[in-house]
Amino acid sequence: MWELITHPSNYAFSISLSLMFMLGILELMLLIAGGGSQGLLDQFLPDDLSTSPQHADTGMDGSPNLFIQLLDWLYIGRVPLLIWLIIFLTVYGLTGLIAQTVFYQFTSHYFSAWIIAPACLFICMPLVRYSSMLIAKILPKDETTAIFSEELIGRTAVIILGEAKQHSPAQAKVKDQFGQIHYILVEPEDDEIFSQGQSVILSEKTSIGFLAVSV
């Protein structure tokens, strides 16, 4: 076992498990101190992540970018980031060591670190996702901050994609009273054009989005 852990081909996995133990001790110390990892690292997450359409049912269309979708698929933002890192390091380290053990049983050799390290990174991701999903169900839930669409009326939105014309809405983002960002469709209330990057005030809810006026 010690030879498996200390073999140069397995350094990536040994280091991952070592970091996992260190982060686990840190999390335990935070819990003993009456806190926890919630908010410790999560402040570095993108604002869009915690407000993706999968996190809150606001009844509005949204289309976060692929990077945000990937983070959300991995359940980053649904569990404290420090706990997610512990899960990732554990699954990655164990996946690599198990794969190396099986390969060694058949060949008496280990995979090259340049092959097995990136390969296990992709292999372990579904396991990381389902492990995080399980932990997310166990952890206490915060009070919901889901809102009704009409509560956004009167707030300032920013056009982020295309130009908005009457009967031709463009995508915009708006922050609600909880600091969450929502992606909505906006069109002018009057005969004008809203350009990308322009700030507008939401004035009325429509069947597909909102009407807005210039700031």
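The values are calculated or read from the model by the stated rules, or taken from the named source; none is laboratory data. Since the model is a prediction, treat every value here as computed from it, not as a measurement. Please note: Cβ atoms are built from the backbone with ideal geometry, for glycine as well, and neighbour counts cover all protein chains shown.
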Checked the range 171-182 for anything surrounded by fewer than 22 Cβ atoms within 10 Å (Cβ to Cβ) and not β-branched (Val, Ile, Thr); matches are Gln171, Lys173, Lys175, Asp176, Gln177, Phe178, Gly179, Gln180
The strands (runs of 3 or more DSSP E) lying wholly within the range 145-215 that contain at least 3 residues that are closer than 24 Å to Arg78 by Cβ and not charged (D, E, K, R) are 181-188
task: Consider Asp57 carefully, then state whether it is within 30 Å of Gln171 (Cα to Cα), at pLDDT below 75 and either part of a helix (DSSP H, G or I) or out of contact with any helix residue (DSSP H, G or I) (no Cβ under 6 Å at 6 or more places or on another chain) (or both).
output: yes
Taking the range 72-109 and the residues there that are in contact with a Phe, Trp or Tyr (Cβ under 8 Å, 6 or more places away or on another chain), of a type in the set (Phe, Trp, Tyr) and surrounded by 18 or more Cβ atoms within 10 Å (Cβ to Cβ), the one that is farthest from Phe13 (Cα to Cα) would be Tyr75
Subset of the range 133-156, residues of a type in the set (S, T, N, Q) and at pLDDT below 90, comes to Thr144, Thr145, Ser149
